[in-house]
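Report on the structure given below.
A short reminder: the numbers here are calculations on the coordinates, not readings from a lab. Given the structure is predicted, the values throughout are model-derived calculations rather than measurements. Cβ placement follows ideal geometry from the backbone for every residue including glycine, while neighbour counts extend to all protein chains displayed.
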Amino acid sequence: MAVDAVATPTLANSPAVSSPIVASATDPDGRMVSLSRERWEHKIYGHPELVTLQTAVMAAVQLPARRALPTGGWPGEEWCYGRDVGPARWLKVVVLYEQGNGRILTAFPRRAFP
């Protein structure tokens, strides 16, 4: 699958995740990606429209409609996009890969592909 380079995301810091895993998926490259309880609760607080879309978030990682590498940001960061799920055309999922595995940092709806 081709990976596009796009603009740098803005992240204040890379959150350390030590809370339990609530979901996991294997990405198209065979890497395990996890979603922690802390990250999911953070998303629900900031984006309550995602409360019923945890499966869609994980599907965007497992079988993304598009993938992108930011042209900056954190080393190992990738963006996965689900299409036509939820309240917007795109569902963006930010994954940080470290030592061969990934963890979801954030997810949110987008009207247009950046």
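Details
- Listed peptides 99-105, 55-61 by packing density, highest first (mean Cβ within 10 Å): 55-61, 99-105
- Per-selection Kirkwood Rh - the range 22-110 (Cα, Å, 1 d.p.): 12.7
- Across the range 51-114, the mean sequence separation of Cα contacts (distance under 8 Å, 6 or more residues apart), normalised by length, yields a relative contact order of 26 percent.
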